[in-house]
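Just below is one structure, and these are the notes that go with it.
The values are calculated or read from the model by the stated rules, or taken from the named source; none is laboratory data. Predicted, not measured: the structure shown is a model, and the values here were computed from it. As a convention, Cβ positions derive from the backbone with ideal geometry for all residues, glycine included, and neighbour counts pool all protein chains shown. Ligands, DNA and RNA are stripped out before the accessible areas are found, and what is left, the full protein with its side chains, is counted by its heavy atoms. Shrake-Rupley method; radii C 1.70, N 1.55, O 1.52, S 1.80 Å.
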Amino acid sequence: MSTEEFRNEQQFITGLYARLDDLRDQAERAVRSALAEPGSGLQARLERDVLVAEQSGLLSALNSGENGLCFGRLEFSDGRDHHIGRIGIRQDDPDRTPLVLDWRAEVARPFYLATGHTPMGLRRRRHITTRGREVTALHDEILDLTDTERTGHEGADADAVLLAALDAARTGRMHDIVQTIQAEQDRIIRSPHAGVLVVEGGPGTGKTAVALHRAAYLLYAYRELLAKRGVLIVGPNPAFLGYIGEVLPALGETGVLLATVGELFPGVHATRADRPGAAAVKGRAAMADVLARVVGDRQALPENVPAGSGEDSSVVPEPALEIDHDDYGTLLLDRTMAHEARDRARATGLPHNLARPYFAFRVIDALTEQLADRLGADPYGGPNLLGPDDIAQLGKEIATSAEVHAAIDTLWPPLTPEQLVTDFLADPTYLDAADAELIRRPATETGWTAADIPLLDEAAELLGEDDSARRAAEERERLERIAYAQGVLDLSQGSESYEFEDAENEYLAAHDIIDAERMAERHEEADHRSAAERAAADRTWAFGHVIVDEAQELSAMAWRLLMRRCPTRSMTLVGDPAQTGDEAGCGSWKRILAPYVGNRWELVRLGVNYRTPAEIMDVASAVLRARHPGFEPPRSVRSTGVRPWSRATDDLPAALAEAVRTGTPQEGRLAVIAPRPLHEALTAALPGVRAGAEPDLTHAVVLLDPRQAKGLEFDTVLVVEPADIAPSDLYVALTRATQSLGVLHTGPLPEELGEALVSR
Ligand SMILES: Nc1ncnc2c1ncn2[C@@H]1O[C@H](COP(=O)(O)OP(=O)(O)OP(=O)(O)O)[C@@H](O)[C@H]1O
């Protein structure tokens with residue numbers, strides 16, 4: 001081993017961290033002094049806010065570089081020599097020479113793609129492993145095969161760095177993979193941001209890792225566009241989002257919204273669970289039509305014939321609403337009138353609440369006409385005696401009558417999504433009896449389920465938000481801000497000294513470059529939250545890019561919601577149809593995507609399993625092949641030589657306690673995956689175990705049900721009572737371990753599993 005190479009590299013890394021410390025100091029000082037500024041005046045406050053935001057963003061990016069700041073070096077045959085790191089850092093010289101290049105820069109690509117066959121101009125690729133600020137290992141690969149110069153760090157196994165990362169003890173939190181991204185993954189991470197990209201791959205093929213690094217890459221490559229519109233990452237449950245939550249901050253990116261579909265209707269938290277079968281019914285595409293019909297039904301016509309209207313036998317009595325007007329006695333809002341008003345309002349094509357004023361205007365006009373006919377009728381049969389002013393006055397009185405508005409509300413009520421969906425679930429219509437029964441929920445039972453959220457969103461689309469009051473208030477505020485900004489500008493103009501006319505001293509004052517309106521707008525922007533925060537609070541936010549993990553789990557209704565959040569259809573969807581567990585999940589990409597993008601989407605497959613050793617993957621594949629004989633499992637990149645085992649027992653809690661005691665790794669994590677009904681008994685047998693809806697995954701031992709385990713991984717996994725777990729969920733459970741797998745059972749094992757395991 002060449003100690004000189006080692007020393008040189010250490011010297012470089014030490015210098016690099018010194019530069020990082022300097023930059024951090026500068027940014028901290030800038031933030032501190034900006035915050036200490038009294039900031040009088042709009043312009044000063046605006047500048048201060050911008051500076052604080054910029055420097056804080058820079059600080060968090062610099063802090064993210066603390067671990068593994070630099071992890072690679074590229075030496076090109078033409079003499080170029082670059083270090084590669086988590087973030088880019090420049091020297092403090094007039095040219096701002098790069099010290100280390102951001103892994104996302106185009107020049108860094110050969111680090112991930114170059115091979116002996118296609119060296120991409122590289123002579124040597126070096127992996128630098130560090131602990132804190134200390135270099136602990138160097139691995140070199142010579143790509144130019146004519147090169148005879150050796151450093152002594154050429155690894156016998158070029159994949160040593162990758163294998164070390166895969167073998168490392170798990171922490172309960174996902175880590176980034178910037179140091180070891182593989183070529184097939186790199187191509188996906190850097191593919192252009194427009195259009196729909198589907199990434200399919202078996203368990204452990206790095207789909208989640210790729211999706212997260214793609215978000216970081218897109219924010220780097222299309223920063224201007226995406227920082228404004230934000231990136232949304234959708235995951236299957238909050239525990240999973242907690243598990244992946246540290247990856248992007250570690251890559252210096254914080255402006256991404258991570259959410260489950262159940263969190264995408266602002267103001268509503270899904271806290272209830274659906275009963276079995278209900279989510280599948282609620283998730284069907286047909287629910288969109290059902291809800292549209294339900295809204296249509298709320299645009300009603302009068303049903304009852306008023307008492308006494310059949311007295312004149314020459315007139316066919318018509319159903320009508322009787323309106324008792326304080327001043328003018330009874331008015332009749334009859335069916336013909338309501339029908340005509342409804343047709344007019346519907347013809348606008350607007351959502352229910354926004355079409356409502358059109359209905360109301362029409363009804364008011366018709367009632368005014370009715371009243372004018374009655375009051376102005378000439379007893380001698382001549383033309384109406386009322387003039388246009390009288391009729392206009394009558395119209396005003398009708399339009400401001402509480403009784404008239406009550407009648408309009410009866411026929412075309414203003415509705416909220418919550419109200420509409422609550423009423424629908426209490427009395428589900430347009431469904432067959434069995435489906436209706438599955439989703440029926442009395443209006444007195446409050447709280448929402450995750451499958452209700454797409455229904456609420458659909459209802460919100462059908463109803464539209466009548467936001468005229470809010471918009472009027474916003475406009476008032478805006479005008480006030482402009483008036484204030486104008487005052488500020490007038491003052492600054494008034495205080496100009498004569499020196500400003502002197503060409504020598506000429507500089508731009510605020511009023512030269514900005515008018516009051518723009519100044520007010522800029523101040524308003526400076527007040528605003530980050531794109532991710534604003535997006536989280538706004539149901540109609542259109543994201544710049546949407547990434548969906550475990551995409552196979554989403555229902556047709558959930559897709560409708562997500563597509564509304566991404567009108568440009570710039571999306572990355574990752575998933576594995578073989579792992580579909582949710583009863584509402586929609587299996588085929590073609591079926592999911594056809595309604596939105598036809599066949600204009602791209603599919604890429606990942607075929608290497610980085611998580612599960614070959615011995616464990618053999619067992620999991622046996623389970624899947626029993627149902628899908630043609631199934632091709634992903635190829636495991638490593639094997640451990642440890643065969644998965646099974647143990648039959650009469651005393652499950654005791655046997656499990658023993659297996660947990662002997663199986664818990666010194667470092668690393670163990671998960672027990674068991675059907676939910678067993679959890680109470682098993683928790684009692686495992687003191688200190690973390691269980692429940694959102695267990696702390698960083699704890700040494702956790703108890704999960706198979707659905708909770710989706711997307712997660714642990715060093716050791718114990719699967720309990722596999723015969724009681726649905727096959728696709730069992731496949732997921734069996735593929736969660738990075739080192740060892742055991743199965744405990746009281747009854748017989750599923751046949752294919754029994755054959756694949758060694759019994760203990
Ligand atoms: N290039 C890589 N370098 C190092 N580790 C990697 C690499 N690719 C994937 N991994 C690791 O492999 C494991 C599995 O990755 P990930 O969770 O992204 O897979 P997945 O395809 O989403 O799996 P599943 O479908 O089972 O949820 C993770 O620990 C991840 O860090």
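Look at region 394-415: where a residue is in contact (Cβ under 8 Å) with a residue 12 or more places away in the chain and a partner is hydroxyl-bearing (Ser, Thr, Tyr) and part of a loop (DSSP other than H, G, I, E, B), sitting 6+ places away or on another chain with Cβ atoms under 9 Å, you get LEU394/TYR328; GLU397/TYR328; ILE398/TYR328; SER401/TYR328. Among the residues of region 155-199, those identified as within 24 Å of the chain's Cα centre (by Cα), more than 8 Å from the ligand (Cβ to nearest atom) and in a helix (DSSP H, G or I) are ASP186, ARG187, ILE188, ILE189.
When each of LEU394, LEU385 is tested for being over 30 Å from LEU420 (Cβ atoms) and crowded, with 18+ Cβ neighbours inside 10 Å, the lone residue that passes is LEU394.
Would region 740-754 turn up any residue that is of a type outside the set (D, E, K, R) and under 24 Å from LEU241 (Cβ atoms)? Among the residues of region 740-754, not one is of a type outside the set (D, E, K, R) and under 24 Å from LEU241 (Cβ atoms), which makes the answer no.
If the requirement is being touching a Pro at 6+ places or on another chain (Cβ under 7 Å) and either open to solvent by less than 70 Å² (accessible area, probe 1.4 Å) or under 28 Å from SER33 (Cα atoms) (or both), which of these qualifies: LEU59, LEU74? Steps first, answer last, please.
Values: LEU59 fails: touching a Pro at 6+ places or on another chain (Cβ under 7 Å).
Of LEU59, LEU74, the one residue that is touching a Pro at 6+ places or on another chain (Cβ under 7 Å) and either open to solvent by less than 70 Å² (accessible area, probe 1.4 Å) or under 28 Å from SER33 (Cα atoms) (or both) is LEU74.
Report yes if some residue within region 263-276 is over 28 Å from ASP538 (Cβ atoms) and not aromatic (Phe, Trp, Tyr); otherwise report no. Looking through region 263-276, at least one residue is over 28 Å from ASP538 (Cβ atoms) and not aromatic (Phe, Trp, Tyr).
Residues of region 303-345 that are polar (S, T, N, Q) and modelled with pLDDT under 80: SER309, SER313, SER314.
Does GLU224 satisfy the condition of being over 12 Å from the mean Cα position of the chain (by Cα), open to solvent by 30 Å² or more (accessible area, probe 1.4 Å) and more than 20 Å from ALA531 (Cβ to Cβ)? So GLU224 fails the test. Given the criteria within 16 Å of the ligand (Cβ to nearest atom), among the small types (Gly, Ala, Ser), over 21 Å from the mean Cα position of the chain (by Cα) and in a loop (DSSP other than H, G, I, E, B), does SER621 qualify? Taking the combined requirement at face value, the residue does not satisfy it. Of the helices (runs of 4 or more DSSP H) lying entirely inside region 200-284, those containing at least 2 residues that are more than 16 Å from the ligand (Cβ to nearest atom) and in contact (Cβ under 8 Å) with a residue 12 or more places away in the chain span 207-221, 223-229, 278-283. Out of all the residues in region 113-128, is one or more under 33 Å from the mean Cα position of the chain (by Cα), buried (at least 20 other Cβ atoms within 10 Å of the Cβ) and closer than 19 Å to ASP176 by Cβ? No, region 113-128 contains no residue that is under 33 Å from the mean Cα position of the chain (by Cα), buried (at least 20 other Cβ atoms within 10 Å of the Cβ) and closer than 19 Å to ASP176 by Cβ. Applying the set (1) within 28 Å of VAL597 (Cα to Cα); (2) modelled with pLDDT of 90 or more to ILE181 leaves exactly one unmet item: (1). Restricting region 90-105 to residues that are of a type in the set (Lys, Arg) and without any contact (Cβ under 8 Å) to a residue 24 or more places away in the chain leaves a set whose member that is surrounded by the most Cβ atoms within 10 Å (Cβ to Cβ) is ARG90.
All but one of (1) open to solvent by 60 Å² or more (accessible area, probe 1.4 Å); (2) over 15 Å from TRP412 (Cα atoms) hold for ARG335; state the number of the condition that does not hold. Answer for ARG335: the failing condition is (2).
Among the strands (runs of 3 or more DSSP E) confined to region 1-108, the ones with at least 2 residues that are modelled with pLDDT of 95 or more, closer than 29 Å to LEU143 by Cα and more than 31 Å from the chain's Cα centre (by Cα) are located at 70-76, 81-85.
The set of residues in region 402-427 being aliphatic (A, V, I, L, M) and over 43 Å from the mean Cα position of the chain (by Cα) consists of ALA402, VAL404. Close Cβ contacts (under 7 Å, 6 or more residues apart or on different chains) running from residues in region 348-369 that are of a type in the set (Val, Ile, Thr) to residues that are not in a helix (DSSP H, G or I) comprise VAL363/LEU333.
Test GLU418 against the stated conditions and say whether it is outside any loop (DSSP other than H, G, I, E, B) and crowded, with 22+ Cβ neighbours inside 10 Å.
On the way: outside any loop (DSSP other than H, G, I, E, B): yes; crowded, with 22+ Cβ neighbours inside 10 Å: no.
No: the conditions fail for GLU418.
Listed by position, the strands (runs of 3 or more DSSP E) enclosed by region 534-618 that each have at least 2 residues that are open to solvent by 10 Å² or more (accessible area, probe 1.4 Å) and within 15 Å of the ligand (Cβ to nearest atom) are 601-606. Tallying residues that are assigned to a loop (DSSP other than H, G, I, E, B) and over 39 Å from the mean Cα position of the chain (by Cα) within region 344-401 yields 14. Taken over region 624-641, the residue count meeting the criterion of being open to solvent by 30 Å² or more (accessible area, probe 1.4 Å) and either within 11 Å of the ligand (Cβ to nearest atom) or touching a strand residue (DSSP E or B) at 6+ places or on another chain (Cβ under 9 Å) (or both) is 4.
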